[in-house]
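Below: one structure in structure tokens.
The values are calculated or read from the model by the stated rules, or taken from the named source; none is laboratory data. Source: prediction; values computed, not measured. Backbone-built Cβ (ideal geometry, glycine too); neighbour counts: all protein chains shown. Side chains are part of the model used for accessible areas, which takes the heavy atoms of the whole protein and leaves out ligands, DNA and RNA. Shrake-Rupley method; radii C 1.70, N 1.55, O 1.52, S 1.80 Å.
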Amino acid sequence: MTVALIGKIDMSSVTHATDVRSKAILSGPVESRDFPDWFREQQAAAWKKFESIPSPVRKDQAWRFSNVDLLDLTPYKFTPELSDDDRANVQKYSRGLAQFAGRMIFAGDQLVERDVVSEDLKKRGVIFQPLERAMVEHTELFQKYFMSTEASLGSAKFAALHQALVSNGTFLFVPRGVEIELPVEIFHWLRGDKVAVFPHLLLVADELAKITVIEHFSSCDRRAPGFACGVNDLIAGPGAKITYVCIQDWGNHVVGLQMNSTTVDHDAATMSLNLNLGSRYSRFESLSRLVGEGARSDLLAIAVATNEQEFDARTLQDHISPRTASDLLFKNALDDKARCSFGGLIRVEPHAHFTDAYQKVRNLLLSDDSEANSMPGLEILADNVRCTHGATSGQINEDEMFYLRSRGIPIKAAQRLLVSGFLNEVIQRLDQPAIAGHLNQLIDRKFADK
């Protein structure tokens with residue numbers, strides 16, 4: 001198979017009629033997109049599946065404590081065509097790290113910019129393309145991995161919707177033995193009122209490859225309602241190492257769902273960190289499958305929730321092979337009337353002996369009206385394993401607050417310092433100072449905007 005990193009893309013090739021884009025998403029897949037027949041057939045089958053699956057209700061165990069009333073999809077439509085000013089503004093505000101190996105910027109399903117810094121990446125066979133190019137130019141590789149894992153944590157209906165309506169996103173393939181030192185950044189923007197987006201990342205790291213990816217999810221208008229339904233497929237080949245950072249900062253009236261599937265082969269390692277700051281309601285599902293002996297998966301998450309925000313996380317650490325390890329650490333800081341829910345399971349399959357798995361969720365309640373619900377669980381079907389889980393909820397330590405106040409620090413500033421220290425344990429696990437600094441800046445901004 002020949003792999004190449006394609007150069008600049010002619011933006012005129014990805015434009016579509018405005019009347020098509022103004023359609024409601026519940027009208028089904030857009031027929032005018034120039035996709036291969038096999039992909040159209042997949043979308044048609046996915047749409048039928050979406051229509052056949054009932055909408056979730058709170059009686060469903062997978063949606064317990066969730067605000068399912070917010071999942072009415074009737075108002076949402078496809079992204080309208082971007083003007084030149086729209087594109088310029090999106091590029092202007094797509095600010096992340098000072099140094100990066102590559103960058104891709106989307107507004108809705110439209111590619112605004114693709115930037116590759118290193119010519120060496122092209123020569124070494126790295127593929128960094130939008131999905132609509134990759135499915136044509138690298139069909140075999142794309143078909144092998146695209147949405148190859150079933151959604152099993154409650155959002156099968158929305159995974160089917162995503163597959164039926166997704167029209168763009170990022171395909172990133174890192175060949176055997178290639179290490180990309182600088183991170184790759186991807187930006188997804190919601191542009192318009194009551195607009196829906198379906199961001200997708202398909203990341204394949206071949207044997208002994210190494211890659212770090214940061215995805216940013218933001219709204220151009222913080223007040224505009226919208227709907228986001230994203231999927232990530234992360235595949236780590238033998239001995240590969242993937243670090244994935246998701247920064248969810250949708251607008252204040254956005255309903256968002258993000259479904260992440262990670263497959264870890266033998267002696268490979270993946271680390272994911274999800275920073276949840278924005279949206280009205282956000283649900284994050286993470287399925288980590290350890291399919292090879294010696295595989296390791298670290299699942300990290302931070303949520304800073306204020307006002308009436310609701311964050312809902314569901315996870316599965318699925319140990320399929322022996323001598324695998326996983327470690328989950330979620331920390332949530334909740335103020336005002338914010339709510340968060342967590343439902344997580346460590347599952348050790350038969351014959352997955354010598355599994356080493358951890359799961360810890362800590363909730364910091366900053367007001368009497370905030371609420372946290374945690375449901376950790378274990379399902380062990382093998383011998384000689386070490387699995388622990390736990391969840392705690394509490395308020396700021398009064399002695400720590402008194403110490404800071406006695407030194408003249410105002411209440412809000414003292415609270416902010418203590419919350420930052422509480423969350424920093426998660427960020428430090430990345431062991432990447434540039435990314436850690438960027439995440440801390442975003443957290444500080446969330447407190448400043450309160």
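Under unit Cβ charges (Lys, Arg +1; Asp, Glu -1), what dipole magnitude, rounded to 20 debye, does the chain have relative to its Cα centre?
Charge dipole, the chain, about its Cα centre: 540 debye, nearest 20.
Let me ask another. Would you mind computing Rg(Cα) / (2.2 N^0.38 Å) for the range 328-450, counting N as its residues?
The value comes to 1.29.
For Val245, what residues show an amide H to amide H distance below 5 Å, using hydrogens built from the backbone and excluding near sequence neighbours?
For Val245, whose amide H was placed from the backbone, the distant partners under 5 Å are Val213, Ile214, Glu215, Leu273.
Still on this model: From Cα coordinates alone, what are the radius of gyration and Dmax values for the range 238-326 in angstrom?
Here Rg and the maximum Cα pair distance are 14.6, 45 Å.
Further, regarding this structure: Can you flag which of Lys194/Lys331; Lys157/Lys194; Lys48/Lys144 are past 24 Å Cα-Cα?
Lys194/Lys331
How large is the accessible surface of Asp206 in square angstrom, using a 1.4 angstrom probe and rounding to the nearest 10?
Taking all protein chains as shown, Asp206 has close to 60 Å².
Evaluate the distance, in nm, between pseudo-label points positioned 7 Å from the Cα of Ala62 and of Ala98 along their respective Cα→Cβ axes.
According to this spin-label approximation, the distance is 4.5 nm.
Work out from phi, with θ = phi - 60° and the Karplus expression 6.51 cos²θ - 1.76 cosθ + 1.60, the ³J(HN,Hα) of each residue of the range 83-98, listed in order in whole Hz, and give x for Gly and Pro.
With coefficients 6.51, -1.76 and 1.60, one gets 7, 4, 5, 4, 4, 5, 5, 4, 5, 4, 9, 7, 10, x, 7, 5 Hz.
Over all Cα pairs of the range 173-250, how is the pair count split among 10 Å bins, expressed in % and running from 0 up to the last occupied bin?
In whole percents, the pair-distance histogram is 18, 42, 24, 13, 2.
Out of residues 5 or more away from Glu179 or on other chains, whose amide H comes under 5 Å of its own, with H placed 1.01 Å from N in the peptide plane?
Lys210
Now for a different question. Rounded to the nearest 10 Å², what accessible area does His351 have for a 1.4 Å probe in the complete protein model?
Spelled out: His351, probe radius 1.4 Å, area about 140 Å².
Hey, another quick one. If I ignore ligands, DNA and RNA and count only protein heavy atoms, how much of Tyr358 is accessible to a 1.4 Å probe, in Å² to the nearest 10?
Estimated to the nearest 10 Å², Tyr358 gives 80 Å².
Would you please give the residues with an amide H less than 5 Å from that of Leu257, counting only those at least 5 places away or on a separate chain, with H modeled from the backbone geometry?
The answer is Ala228, Cys229, Gly230, Arg283.
May I pose another question? Give the calculated FRET efficiency between Thr149 and Asn440 to the nearest 0.05, with a Förster radius of 25 Å applied to their Cβ-Cβ distance.
0.15
Residue by residue through the range 205-212, what is 3J(HN,Hα) from phi via Karplus (6.51 cos²θ - 1.76 cosθ + 1.60, θ = phi - 60°)? Round to whole Hz and write x for glycine and proline.
9, 6, 3, 6, 7, 9, 7, 10
Follow-up question, since we're still on this one. Taking 0.36 nm per residue of separation and subtracting the Cα-Cα distance, what length does fully extending Asp37 through Val136 add?
Fully extending the segment from Asp37 to Val136 adds 34.6 nm.
Explain nothing, just the number: dipole magnitude of the range 19-75 about its Cα centre with +1 on each Lys and Arg Cβ and -1 on each Asp and Glu Cβ, in debye rounded to the nearest 20.
The calculated dipole for the range 19-75 is roughly 260 debye.
Then there's this: For the chain, what proportion of DSSP beta bridges, expressed in % and rounded to the nearest 5, is antiparallel? Working shown, then result.
On the way: 11 of 145 bridges.
Antiparallel: roughly 10 percent of the beta bridges in the chain.
Turning to a different aspect of this structure: Choose one answer from Pro29, Pro54, Pro225: the residue with the largest mean-square fluctuation in a GNM of the chain with alpha-carbon springs under 10 Å.
Pro54
Normalised by the residues of the range 266-369, what does the relative contact order come to in percent, with Cα pairs under 8 Å and at least six apart? Walk me through the numbers before you get to the answer.
On the way: 278 pairs, mean separation 28.5, N = 104.
RCO, the range 266-369: 27 percent.
Also, I was wondering about something else. Could you list, bin by bin from short to long, the percent of Cα-Cα pairs of the chain in 10 Å steps?
P(r) for the chain, in whole percents per bin: 4, 21, 32, 28, 12, 2, 0.
With the convex hull built on the Cα atoms of the range 70-111, state its orientation-averaged projected area in nm². Numbers along the way, then the final one.
Details: hull surface 18.5 nm².
For the Cα atoms of the range 70-111, the hull's average projected area reads 4.6 nm².
Another question about this same structure. Please arrange Asp356, Asp221 by accessible surface area, largest first, computed with a 1.4 Å probe and ligands excluded.
Result of the area sort, largest leading: Asp221, Asp356.
Does the range 155-218 classify as rounded, prolate or oblate by the C-alpha gyration tensor (a ≥ b ≥ c root eigenvalues; a/c under 1.5 gives rounded; else a/b over b/c gives prolate, otherwise oblate)?
oblate
Normalised by the number of residues in the chain, what is the relative contact order in percent for Cα pairs under 8 Å and 6+ residues apart? Intermediate values should be presented prior to the final figure.
Working: 1111 pairs, mean separation 44.5, N = 450.
Over the chain, the number comes to 10 percent.
Stretched out fully, how many nm does the piece from Thr392 to Lys360 gain, at 0.36 nm a residue minus the Cα gap?
10.7 nm
Counting only GluC sites (Glu not before Pro) that are in a DSSP loop and have at most 14 other C-beta atoms within 10 Å, tell me the longest site-free stretch of the chain.
On the way: sites that count: Glu31, Glu150, Glu181, Glu308.
The longest such stretch corresponds to 309-450.
Next question, about the same structure. In whole Hz, with x marking every Gly and Pro, tabulate ³J(HN,Hα) for the range 365-374 from phi via Karplus 6.51 cos²θ - 1.76 cosθ + 1.60, θ = phi - 60°.
9, 9, 8, 6, 8, 6, 9, 9, 10, 10
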